[in-house]
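The next block holds one structure in the form of structure tokens; read it before the comments.
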Amino acid sequence: MRMRRIRNSKILREMTKETSLRVSDFIYPLFVVEGVGIKKEIPSMPEIYHFSVDKLEEEIRELEELGIRAVILFGLPDHKDSHGSGAYDENGIIQKAVRKIKEISDILVITDVCMCEYTDHGHCGILDNSGNVNNDKTIDYIAKIALSHAKAGADVIAPSDMMDFRVRKIREVLDENSYDHIPIMAYSAKFASNYYGPFRDAADSAPAFGDRKTYQMDYHNSDEALREVSLDLDEDADFIIVKPALAYLDIIRRVKDNFNTNLVAYNVSGEYSMVKYAIKEGLVSEDIIYESLIGIKRAGAKMIISYHAKEMARKLKGE
Ligand code: PBG
Ligand code: ZN
């Protein structure tokens, strides 16, 4: 057998390709800030911007032209407190952004539901007296935030806090309020990762003390990730997110092999910025982006949340 017979021809290589990417595989993250007339590049994330609500339209039109059909929103409030009240404020930054986008476009709007951008201590929930994040108090807030996003018009709710039972709680509250048609995209296997560094600058969400290891997963573990996924599916999650992606391709593959679900991989900020800086320095070709994203798809992800979505859309169009 000569394996090179097929590799010899460009057409045969194309025809025998096992994995491909489509623009519609991508979900593009957007960071929204208070103020007017703002489109400001985020220092830790080249070519990614903070947008004020009035500047979203231009960006959404660009995404539509590129064929990108879904966004996930992150908000930076101008007020933070111990209970993250900006997160469920009817006139909070996300609520305003969702209303604006749904007014001008039918692009799918997914909202990240968490508290770390809105709490003055930067943790993803409500602290008890000892400074520990209280699970059961937090999920009441998480559900309240989810409901306020749904009321603003969000199409999909994506909780990223990693509290236990939050999917069930959100499902209950949405259903009670006639939002039983809104799907939940759960960050189920979210690891306590160093790859979130640039995002925490971008979203101003770094914890003021300690770390997130009491709620996000320990990256030594893979069986435990399956357990998390299984619990979230029992709680009726419609989509499962594995996050980060590139150092976690084995997790993506195991989830893919073990569960019949809509699997999403989050190609996170650290993965993005490392590649962008390496390209800038001339260390690697920009084709490394496509190669990495193919790797995520090959591992078993159906959809990819990625800051590279626009560059990929341009590349895929050009082919
Ligand atoms: C909020 C949240 C984080 C990310 C998505 N939602 C940061 C964190 O958990 O600290 C990370 C995304 C990225 O790095 O691109 N909980
Ligand atoms: Zn958080």
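Computed from the coordinates by the stated procedures, all read-outs in this text should not be read as laboratory data. Bear in mind the structure is a predicted one, so any value in this text is a computation, not a measurement. All Cβ positions, even for glycine, are placed from backbone atoms using ideal geometry, and neighbour counts span all protein chains on display.
Summary table below
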item: Rounded to 5, percent antiparallel among DSSP beta bridges of the chain; result: 10 percent
item: Nearest-ten-degree value, helix 223-234 long axis tilted from longest Cα axis of the chain; result: 60 degrees
item: For region 276-293, 3J(HN,Hα) per residue [Karplus equation, 6.51 cos²θ - 1.76 cosθ + 1.60, θ = phi - 60°, Hz, x = Gly/Pro]; result: 4, 5, 5, 5, 4, 7, x, 6, 9, 6, 5, 5, 4, 5, 4, 4, 5, 5
item: Largest to smallest principal axis extent of the C-alpha atoms in the chain, angstrom; result: 67, 46, 39
item: Between region 110-124 and region 128-169, the alpha-carbon center distance in angstrom; result: 9 Å
item: Rounded to whole Hz, the Karplus (6.51, -1.76, 1.60) HN-Hα couplings of region 161-171, x for glycine and proline; result: 7, 6, 7, 6, 6, 6, 5, 4, 4, 4, 4
item: Long-range HN-HN contacts of Lys80 with modeled amide H, under 5 Å; result: none
item: Cβ-placed point charges (K, R +1; D, E -1), dipole of the chain about Cα centre in debye, nearest 20; result: 1680 debye
item: Computed over the chain: relative contact order in percent, which uses C-alpha pairs under 8 Å that are six or more apart; result: 18 percent
item: Computed FRET value (nearest 0.05) for Asp211 with Met15, which takes r as the C-beta separation and R₀ as 51 Å; result: 0.60
item: Sorted by Cβ neighbour density within 10 Å, fewest at the top, the residues Met45, Met163; result: Met45, Met163
item: Sequence-separation-based contact order of region 91-154, relative, with Cα cut under 8 Å and 6+ spacing, percent; result: 38 percent
item: Positive-pole candidate from Ser193, Val167, Val229, dipole of region 133-252, charges at beta carbon; result: Ser193
item: Values of log10 I(q)/I(0), in the order q = 0.25 Å⁻¹, for region 166-209 under a Debye, Cα-only, solvent-free model; result: -0.85
item: Neighbour-count order for Arg253, Arg166, fewest beta carbons within 10 angstrom listed first; result: Arg253, Arg166
item: Sorted by Cβ density within 10 Å, fewest first, the residues Val264, Val156; result: Val156, Val264
item: Under-5 Å amide H pairs with Tyr219, H placed in peptide plane, nonlocal only; result: Ala192
item: Flagged links, alpha-carbon separation over 27 Å, of Lys96/Lys310; Lys80/Lys276; Lys190/Lys315; result: Lys80/Lys276; Lys190/Lys315
item: Charge dipole (debye, nearest 20) of region 147-306; +1 at Cβ of Lys and Arg, -1 at Cβ of Asp and Glu; result: 280 debye
item: Alpha carbon centroid spacing (whole Å) that separates region 257-279 from region 285-319; result: 10 Å
item: Charged-residue dipole, Cβ positions (Lys, Arg, Asp, Glu), region 70-209 about Cα centre, Debye nearest 20; result: 180 debye
item: Under the Karplus curve 6.51 cos²θ - 1.76 cosθ + 1.60, θ = phi - 60°, whole-Hz ³J(HN,Hα) for region 69-83, x wherever Gly or Pro sits; result: 10, 8, 10, 10, 9, 10, x, 10, x, 8, 10, 10, 8, 5, 9
